[in-house]
1. Counting helices only, and only those DSSP H runs with n ≥ 4, report the 222 nm mean residue ellipticity of the chain as the sum of -39,500 (n - 2.57) divided by its residues, in deg cm²/dmol to the nearest 500.
2. Ranked from highest to lowest mean number of other Cβ atoms within 10 Å per residue, what is the order of the peptides 136-142, 57-63?
3. Quick one: length gained pulling residue 49 to residue 159 fully straight, 0.36 nm per residue minus the C-alpha distance?
4. With no solvent and one point per C-alpha, what does the Debye sum give as log10 I(q)/I(0) for segment 13-93 at q = 0.14, 0.17, 0.21, 0.23 Å⁻¹?
5. Please compute the contact order of segment 1-112 in relative form: average sequence separation of alpha-carbon pairs under 8 Å and at least six residues apart, divided by the residue count, as a percent.
6. Where a ≥ b ≥ c are the square roots of the eigenvalues of the C-alpha gyration tensor, would you call segment 79-150 rounded, which needs a/c under 1.5, or, failing that, prolate if a/b is larger than b/c, or oblate?
7. Whole Å is fine, so just give me how far the alpha carbon centre of segment 116-172 lies from that of segment 178-200.
8. Just to confirm the number: angle between the C-alpha axis of helix 172-181 and the first principal axis of the chain, 0 to 90 degrees, nearest 10?
């Protein structure tokens, strides 16, 4: 069996909508060869190139009657993992992921411990904004996510329902992490962390 055949068979075993990168095939062939194989499969319509070095096995929605693009958040996470960067989703996305909002962002700005960069993903422009290490390096993803969501929500807009929702969705370990990892956060945000840890 040829290397190109093995690459194609591996892709066939992926679920529709699965995102992948060149590195996922380096056990089969070297970087240049894999890139050539993926380029041929893209031209043949068997896979879709999302952005530089990131591909997807197409997913067709019979309900929408069209091919469904990947979520921006999924694509940017693959880019971050590939470069060993940590990310915090933008405020609106953070609120959405935590169930504090149903609003979908029109423009995506991520906080990152990597360099400032801008990507074009489909019709969306995605910006990575470098932040101080203390905002991201010494915190778990969930603590950073909650802190960024609260910042987007604003001090005056945090309700008892929001706090109850966080209490019900965060695990006990995640709640404790809010206290231990968020000790140097803005005072009002840390106060919310304390409230999330209080028993009703």
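The numbers here are math on the coordinates, done by the rules we state, and not lab data. None of these values were measured; they are calculated from a predicted model. Ideal geometry is used to build each Cβ from the backbone, glycine not excepted, and the neighbour counts take in all protein chains shown.
1. Values: 8 runs with 86 residues, N = 200.
Helix-only estimate at 222 nm: -13000 deg cm²/dmol.
2. 136-142, 57-63
3. 35.4 nm
4. One equal scatterer on each Cα of segment 13-93 leads to -0.54, -0.76, -1.05, -1.17.
5. Details: 107 pairs, mean separation 21.5, N = 112.
Relative contact order, segment 1-112: 19 percent.
6. Values: a/c = 2.03, a/b = 1.03, b/c = 1.97.
Oblate, because a/c is 1.5 or more while a/b does not exceed b/c.
7. Segment 116-172 and segment 178-200 have Cα centres spaced 14 Å from each other.
8. Roughly 70 degrees, rounded to the nearest 10.
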